[in-house]
Amino acid sequence: GNATGIGIGTNNPSAYLDIESNASSGNVAEFRSVHASNSARILIDSPADNNIRPSAIVLANAGTDKWGIGQVYGSSSSGAFHICAGSASEVNSKLTITTAGKVGIGTDDPAQPVHISRGSAIARIQSTNATTSARLEIIGANDSYSGLHMGDVDDVDVGAIRYYHGGSDPNHMQFK
């Protein structure tokens, strides 16, 4: 090593540990725990527990950041986990999970348990099984018949939207 770092496969390390491989196949590095009582894990520890010194992993191709995984600098939701397209920065965040367990898709600070923000079509539910209809059900916790059922309801009413309210033989409104 030298004053700037340790180089494996390079004489000019650009970090404290710099590993370069010119192999035509195989992994560049491998980490294994071989003791049955210890899990295999890698620790990435930033110097402060705040949004100014976050911990993240950047995945790059040919020197260009493609994905960032982890925390981001100056996050709107403190300590949140982000999956970013490009560098690990909030502006590139595509999926955010807050420390409260809220999930944001297309938003970096989800306001609801699941928050999807998009300018065009939000979601698509599609069945790929020829014997199963695609449908969306929004139901209450205590009654599987309460709620909104949309799609091919009961495989009979193709394209129906039904609002159910209670019971095993529910009263419902249907729109087609």
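The values are calculated or read from the model by the stated rules, or taken from the named source; none is laboratory data. All values reported here derive from a predicted model rather than from experimental measurement. Virtual Cβ from ideal backbone geometry, glycine too; neighbours counted across all protein chains shown. In case anyone asks, the SASA skips ligands and DNA or RNA and just uses the protein heavy atoms, side chains included. Shrake-Rupley method; radii C 1.70, N 1.55, O 1.52, S 1.80 Å.
Just a few scattered comments:
- Equivalent ellipsoid semi-axes - Cα gyration tensor, region 1-127, angstrom: 33, 18, 17
- Annotation: extensible slack from ILE83 through ALA15 equals 22.1 nm (criterion: 0.36 nm per residue apart, minus Cα-Cα distance).
- ALA29-THR128 pseudo-label distance in nm [points 7 Å out on the Cα-to-Cβ vector]: 3.4 nm
- Candidates per trypsin sites (Lys or Arg not before Pro) in region 1-66, loop by DSSP, up to 12 other Cβ within 10 Å: ARG32, ARG41
- Accessible area ranking (1.4 Å probe, heavy atoms, ligands and nucleic acids excluded), largest first, for HIS115, HIS35: HIS35, HIS115.
- Label separation (SER46 vs TYR73): 1.1 nm, computed from points 7 Å beyond Cα along the C-beta direction.
- Take LEU95: with every protein chain present and a 1.4 Å probe, its accessible area is about 50 Å².
- Principal axis dimensions, region 6-77 - Cα atoms, whole angstrom, descending: 42, 38, 22
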